[in-house]
1. Just to verify a result, which residue in the range 10-38, among those that are within 16 Å of the ligand (Cβ to nearest atom), assigned to a loop (DSSP other than H, G, I, E, B) and of a type in the set (A, V, I, L, M), is surrounded by the fewest Cβ atoms within 10 Å (Cβ to Cβ)?
2. Among all residue pairs at least 6 apart or on different chains, which show Cβ distances below 7 Å where the first residue, located in the range 231-244, is part of a loop (DSSP other than H, G, I, E, B) and the second is more than 16 Å from the ligand (Cβ to nearest atom)?
3. Looking only at strands (runs of 3 or more DSSP E) that fall completely inside the range 99-174, which ones have 2 or more residues that are of a type outside the set (Phe, Trp, Tyr) and touching a Pro at 6+ places or on another chain (Cβ under 7 Å)?
4. Restricting the first residue to the range 4-19 and requiring it to be closer than 16 Å to residue 284 by Cα, which pairs with a second residue that is within 7 Å of the ligand (Cβ to nearest atom) and small (Gly, Ala, Ser) meet a Cβ separation below 8 Å and a spacing of at least six or different chains?
5. Does residue 250 satisfy the criteria of being within 10 Å of the ligand (Cβ to nearest atom), in a helix (DSSP H, G or I) and buried (at least 22 other Cβ atoms within 10 Å of the Cβ)?
6. Please go through (1) near the ligand (Cβ under 9 Å from one of its atoms); (2) farther than 29 Å from residue 132 by Cβ; (3) at pLDDT below 95; (4) not basic (Lys, Arg) for residue 293 and return the number of the only condition it doesn't satisfy.
7. Give the residue, chosen from 373, 369, 416, that is over 28 Å from the mean Cα position of the chain (by Cα) and free of Cβ contacts under 8 Å to residues at least 40 places away in the same chain.
Amino acid sequence: MESFYITTAIDYVNGTPHVGHAYEKVLTDIIARFRRQMGDRVHFLTGADEHGQKVQTSARARGIAPQQYVDETSAEFRALYDRLEVKYDDFIRTTEPRHQKIVRQVLQQLFDQGDIYRAEYCGFYSTRQEQFLQAKERRPDGSWPEIFGEVTEIVEPNYFFKLRQYQGWLSEFLAQNENFIFPRFRQNEVIEFLKEPLNDLCISRPKERLEWGIPLPFDENYVTYVWFDALINYYSGVVDRPGAWPARWHVIGKDILVPPHAVYWPIMLHATGIPLPKGLLVHGWWLQSGAKMSKSTGAVVNPLALVDEFGVDAFRYFLIREMNVGQDSEFTREQFLVRYNSELANNLGNLVNRTLNMTTRFAGGAVPAAGAAGDLERSLQALWVKTRDEFIPLCEGFQFHTALERAMVFLTDTNAYIEKRAPWKLGKSAEPADQALLCTSLATMAEALRLAIALIQHVTPAAAKRINAVLGYTPGPVWLDELVWGAKLNGVKVAPALVLFPRPLPPATEKKG
Ligand code: MSP
């Protein structure tokens, strides 16, 4: 069994979670569920990035200790992921001893082997971004872009990690591993970035300025730079799991590819002698009116409110159906409603209703055995085989949006099949041939529904469970076996009805007069 270790970025927990955080965890969950059902031994790690200036500042603003602050905020993130059915295997917090121990070990090793050195730093520092700034980042008029917040000039001794020494190695590595970063164009961005010489990375912050961090093992007057600390979570989270490392994919947003994940992290690992992850999967941003959505943008729609309104499955479905992994996407309530109505309520919801309703009406609630298939059944079965055979490779290549589109075509065609076969007409006829065809049509629609839901169960797990429950069906352990057209529902007793995706109420209209 192949081992498949997948991670998400660990979120900064100095605020409340928003759709960007949620999307990444849902996307990773869908990949993890897909690989599990394909038979891989999956380990899925997510977690919280709990150190750094922003946490220290937010905790002080609330007058509580940083540990208490992150205990509360981390729990909020975690609760959201649980609610969204993100089935992670482990949740790591960078304040945990298991993580701190490994960060200190890595630092000590790099220090002992001479890859970390002490030097005087003089220059500009942005507290908001927790980073040292370079002259080229300054505007021609001498001012600094707003994103840096307050910028102060400082002179202080600090510790530096020898990034530059490994620049040639990294360029060579990327040239030889063309598929290290998905999508490919992101890898080219990194290669471009590496055409300029790298600066060594300042990995310490003096305690007078920042207390909330992991103390350097070789100088307790400093804490570790938050990125150097955070990246190590991917490794510290599995040191006790033999065979898990290296990760198959680190799933991250495009804003944290260069330099942290594509430059610092590979160099940190290479210098320490730890194998590199096999790939970085880089997703785009959810935008609102063209701008990145974040906790500070004061979003017009709060996407997470849609979870309360339309349910977890509809939310997960929309995120994955709408976003082409790697690209950006606009989040609008209108588009959410379009997908909800036409794909979930109409296509899927309708098929569920019709199957339950007609099986109850015409067959006493038990799915009958299919008689001989006619042309209509044969062509629906052929479409199923095509759909399934395209769907799986699309998911393997992270083309979930297209995969779901194919699943929707199959559902649309199944509904069209029902229209054409018109079981309600056959039900009125006493002719044995019509009765046989009625049985065939009921068995066909039930089987098509069972297959369609098996196909998309990693995207809409709760709906899959509910549909299987009303069909009186328990799927077997081997997913691929579940995707074979057959007679698995023969004789099962179905429930009379299920409201799965209720129609949203039309927006309240203003009363005139
Ligand atoms: N703590 C760092 C990551 C450390 S990983 C060792 C961090 N945290 S974050 O909370 O700012 O972002 C967490 C993830 O959410 C990132 O991968 C980021 O790209 C993603 N998103 C944040 N806003 C986003 C959107 N609007 N859209 C999609 N994802 C974005 O960075």
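1. Result: 10.
2. 238/43; 238/244; 241/43; 243/3; 244/3; 244/43
3. Values: elements: 116-126, 131-133, 151-161.
Because the criterion is at least 2 residues that are of a type outside the set (Phe, Trp, Tyr) and touching a Pro at 6+ places or on another chain (Cβ under 7 Å), the strands (runs of 3 or more DSSP E) in the range 99-174 that meet it are 116-126.
4. 9/253; 18/294
5. Numbers: within 10 Å of the ligand (Cβ to nearest atom): yes; in a helix (DSSP H, G or I): no; buried (at least 22 other Cβ atoms within 10 Å of the Cβ): yes.
No; evaluated as a whole, the condition is false for this residue.
6. Unmet for residue 293, out of (1) near the ligand (Cβ under 9 Å from one of its atoms); (2) farther than 29 Å from residue 132 by Cβ; (3) at pLDDT below 95; (4) not basic (Lys, Arg): (2).
7. Working: 373 fails: free of Cβ contacts under 8 Å to residues at least 40 places away in the same chain; 369 fails: free of Cβ contacts under 8 Å to residues at least 40 places away in the same chain.
Result of the check over 373, 369, 416: 416.
Quick grid of which residues meet (1) among the polar types (S, T, N, Q); (2) surrounded by 14 or more Cβ atoms within 10 Å (Cβ to Cβ):
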{"site": "40", "(1), (2)": "no, yes"}
{"site": "44", "(1), (2)": "no, yes"}
{"site": "59", "(1), (2)": "no, yes"}
{"site": "65", "(1), (2)": "no, no"}
{"site": "71", "(1), (2)": "no, yes"}
{"site": "120", "(1), (2)": "no, no"}
{"site": "125", "(1), (2)": "no, yes"}
{"site": "131", "(1), (2)": "yes, yes"}
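The values are calculated or read from the model by the stated rules, or taken from the named source; none is laboratory data. Predicted, not measured: the structure shown is a model, and the values here were computed from it. Cβ sites come from the backbone with ideal geometry, for glycine too, and all protein chains shown count toward neighbours.
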